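Engineer: Okay, here's the structure, questions in a sec.
Nothing in this text is a laboratory measurement; each read-out follows from the coordinates by a stated rule. Given the structure is predicted, the values throughout are model-derived calculations rather than measurements. Virtual Cβ from ideal backbone geometry, glycine too; neighbours counted across all protein chains shown.
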Amino acid sequence: MRPQTTLRRPETGRTRRRATLFRKNVAISPEGGGRIRATQSTAPIGIFPVRIANFIKPELWGRPTDVPWAMIFPGVDDQPRHPSQLYEAGLEGLLLFLVLALFVRAGALKRPGVATGIFCIGYGMARIVSEFFREPDPQQEKLAHGLTMGMVLSAPLVLIGAALLVYVLRFRRERLDAGMAKSL
């Protein structure tokens with residue numbers, strides 16, 4: 001008797017139909033990569049509560065300021081500070097989700113790489129903007145020209161997202177042009 005190496009539940013017709021229905025509704029191609037596109041589009045839903053939790057704890061507080069909505073965070077000091085966690089929740093959570101939702105409605109999930117590129121650009125830009133209001137980590141020194149380590153580390157993400165979008169859109173156009181030339 002030969003030992004069974006993997007346990008696998010036999011796929012029924014009902015399971016196959018549900019998977020196909022899900023794949024058609026969410027625009028996930030059977031070739032793969034669809035789960036990544038769908039995850040990138042919904043990631044801000046998870047980022048938002050994390051930033052709210054940063055605000056409640058309080059951690060990752062903002063720089064000292066005199067704006068009317070400044071807050072004094074307990075256990076830090078008695079200076080009013082930017083509620084940078086709320087800025088990050090708004091930018092990385094709500095705004096990025098709305099932008100991605102608009103692109104998904106326009107068909108971004110049907111083009112591999114578009115949603116990922118938009119997510120990388122949006123998340124990187126949101127992090128760079130929010131770093132202007134956030135107190136730099138005490139372990140890391142401020143860099144030249146007012147830059148922080150968060151800005152420096154987010155810039156490559158924006159560049160990678162832009163490069164991915166350029167590649168995907170150019171590659172798709174070239175494939176479409178080549179397909180049309182073959183049909184003539």
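Engineer: What do you get for Rg/Rh of the stretch 51-100 when both radii come from the Cα atoms and Rh is the Kirkwood radius?
Structural biologist: 1.04
Engineer: Which value, in Å³ per residue, describes the convex hull spanned by the Cα atoms of the stretch 35-150?
Structural biologist: For the stretch 35-150, the hull spanned by Cα atoms encloses 121 Å³ per residue.
Engineer: Among 76-87, 47-58, how do they line up by average Cβ neighbours within 10 Å per residue, starting with the highest?
Structural biologist: Highest-to-lowest ranking by the protection proxy: 76-87, 47-58.
Engineer: For a quick protection proxy, order the peptides 164-170, 127-133 by their average other-Cβ count within 10 Å, most packed first.
Structural biologist: The packing order, highest mean first, is 127-133, 164-170.
Engineer: A further question follows. Under 5 Å between amide hydrogens, which residues at least 5 positions from R63 or on another chain qualify, with H placed 1.01 Å from N in the peptide plane?
Structural biologist: Correct list: H82, R134, E135.
Engineer: Also, quick follow-up: Express in nm, to one decimal, how much length is gained between L95 and A155 on full extension, taking 0.36 nm for each residue of separation and deducting their alpha carbon distance.
Structural biologist: In short, 19.7 nm is gained.
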